[in-house]
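The values are calculated or read from the model by the stated rules, or taken from the named source; none is laboratory data. Everything numeric here is computed off the predicted structure, so don't read it as measured data. Cβ sites come from the backbone with ideal geometry, for glycine too, and all protein chains shown count toward neighbours. With ligands, DNA and RNA removed, areas are computed over all heavy atoms of the protein, side chains included. Shrake-Rupley method; radii C 1.70, N 1.55, O 1.52, S 1.80 Å.
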Amino acid sequence: MPTYEAIILDTETTTNKETPDRPLEVVELAWMPLATPGEGFRQLYKPTMPCTFGATAVHHILPEELLDQPPSSQAPDDLPLATFWIGHNVDFDWKALGSPRGPRRICTLALSRALWPECDAHTLSAMMYFTNGANAATRDRLRGAHAATADCEFVLDLLAAITHKTGISSLHELWELSEEARIPKTWAFGKFAGEPITAADRGYALWYSRRPDPDPYYLVALRRAGLLR
């Protein structure tokens, strides 16, 4: 399998939210090279557990479509080597694919939130309407939304809007901008939900840092706020 500088990828999974008794399993993987998007890949997989109804409502993949497919565990092996992974909420895909250490992740969701805070929603479909216009052509394209291949194509479109907005075409600079965009300015949960990161005290910051799986970007925000060393 060839090696690429960057791929756009998307997964569909058995559940929308991982729990201890129900880990993420990939039921569809699609990826395309950023430089040559016409060379894309798409595969369905058979999971060890059935899809939740919530996940099925998102991707519309039926159980019988997965019966004769390769096992979900094969999905990571169907990815090429790439320096950069690009996706909308790419951390979800990264986790579903085993959290490999190599690729640098460029998140178009984080970039959209940072670049267009005036937009009331930043889902991929919402951003397609926002950047391409609320018109019949956009609506017709979105009828295939949440199929992994279609989502890769939408991410490619959104990435073009992002590079136009920022004037950045270097993948390394886009990755740096994505990393900065992922550092939260406000709490999305807990005692200080909706308040600035600086609203927390050192005790709360220390408690959060000692949780089993703290978000590394929250830890960066807390250090920048002087609440953690």
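Could you count how many residues in the stretch 201-216 are closer than 23 Å to P20 by Cβ and either among the aromatic types (F, W, Y) or exposed (fewer than 13 other Cβ atoms within 10 Å of the Cβ) (or both)?
Total meeting the criteria: 7.
Give the stretch 26-57 a look and list any residue that's under 29 Å from T83 (Cβ atoms) and part of a helix (DSSP H, G or I), or say none.
Within the stretch 26-57, P37, G38, E39 meet the criteria.
Would you list the helices (runs of 4 or more DSSP H) that sit entirely within the stretch 81-200 and hold 1 or more residues that are open to solvent by 20 Å² or more (accessible area, probe 1.4 Å) and basic (K, R)?
It comes to 90-96, 108-115, 136-142, 148-166.
Which condition does T19 not pass, out of (1) farther than 30 Å from A160 by Cβ; (2) at pLDDT 95 or above; (3) among the β-branched types (V, I, T), if it passes all the others?
Every condition holds for T19 apart from (2).
Report yes if some residue within the stretch 36-48 is buried (at least 21 other Cβ atoms within 10 Å of the Cβ), closer than 20 Å to C107 by Cα and either in contact with a strand residue (DSSP E or B) (Cβ under 9 Å, 6 or more places away or on another chain) or in contact (Cβ under 8 Å) with a residue 12 or more places away in the chain (or both); otherwise report no.
No - not one qualifying residue is present in the stretch 36-48.
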